1. For residue 65, project a label point 7 Å along Cα to C-beta. Then give me every residue of the stretch 86-105 with its amide nitrogen under 16 Å of that point.
2. Can you give the FRET efficiency to the nearest 0.05 for residue 90 and residue 2, using r as the Cβ-Cβ distance and R₀ = 35 Å?
3. Amide H of residue 26 versus every other amide H placed in the peptide plane: which residues, excluding those fewer than 5 positions away on the same chain, fall under 5 Å?
4. With angles folded into 0 to 90 degrees, how steeply does helix 60-70 sit against the dominant principal axis of the chain? Use alpha carbons for both and round to 10.
5. List residues of the stretch 64-92, by number, whose backbone nitrogen lies under 14 Å from a label position 7 Å along Cα→C-beta of residue 57.
6. Two decimals is fine: what is log10 I(q)/I(0) at q = 0.26 Å⁻¹ for the stretch 1-57, from a Debye sum with one equal scatterer on every Cα and no solvent?
7. Please work out the ratio of the alpha-carbon Rg of the chain to 2.2 N^0.38 Å and round it to two decimals.
8. Under the 0.36 nm per residue contour assumption, what length would be gained going from the current alpha-carbon distance of residue 21 and residue 113 to full extension?
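Every read-out reported here was derived from the displayed coordinates using simple, explicitly stated rules and does not represent laboratory data. All values reported here derive from a predicted model rather than from experimental measurement. We place every Cβ from the backbone using ideal geometry, glycine too, and count neighbours over all the protein chains shown.
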Amino acid sequence: MSMRQACEATGLSADTLRYYEKIGLLTRVPRSAGGARRYDRRTLEQIRFIQRAKAMRFTLEEIRDLLRFRESPQTSREEVRALARRKQALIREQIEQMAHLEKELQLLLNLCTRSNCGCPILEGLDNKGGGYGS
């Protein structure tokens, strides 16, 4: 399939596909006689793997490791499990941070609703509004 078709099938831009190939996330994509990239089923599976891993917030470097581990899953299980546990811990930490930020924003919205002067939201962001900042 052509690059255009691969873009349509994956929802990624041509620049992204070229970048993934350039940095070695994708194996070298075969070229036609005219030099155009030709994507096969295996490469599309690799792209979809990358997309799923990105959706789980793995970095490109971590995805590179996962792709390497994918070549020998039985011998890589412990490394994959450790990487997944680290990612899970990071996501839990981010969820806690987001929950804190949501509560802080709700407080600022409540203050704004009750205020007749100034803007408690802007004051809170300036951290001048009585210490509601973190």
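1. So the set is 86-91.
2. 0.40
3. It is 21, by chain and number.
4. For 60-70 against the chain, the angle is about 40 degrees.
5. Under 14 Å, as judged by backbone N against the label point of residue 57, lie 84-92 of the stretch 64-92.
6. For the stretch 1-57 at q = 0.26 Å⁻¹, log10 I(q)/I(0) is -1.16.
7. The reported ratio for this selection is 1.61.
8. 28.0 nm
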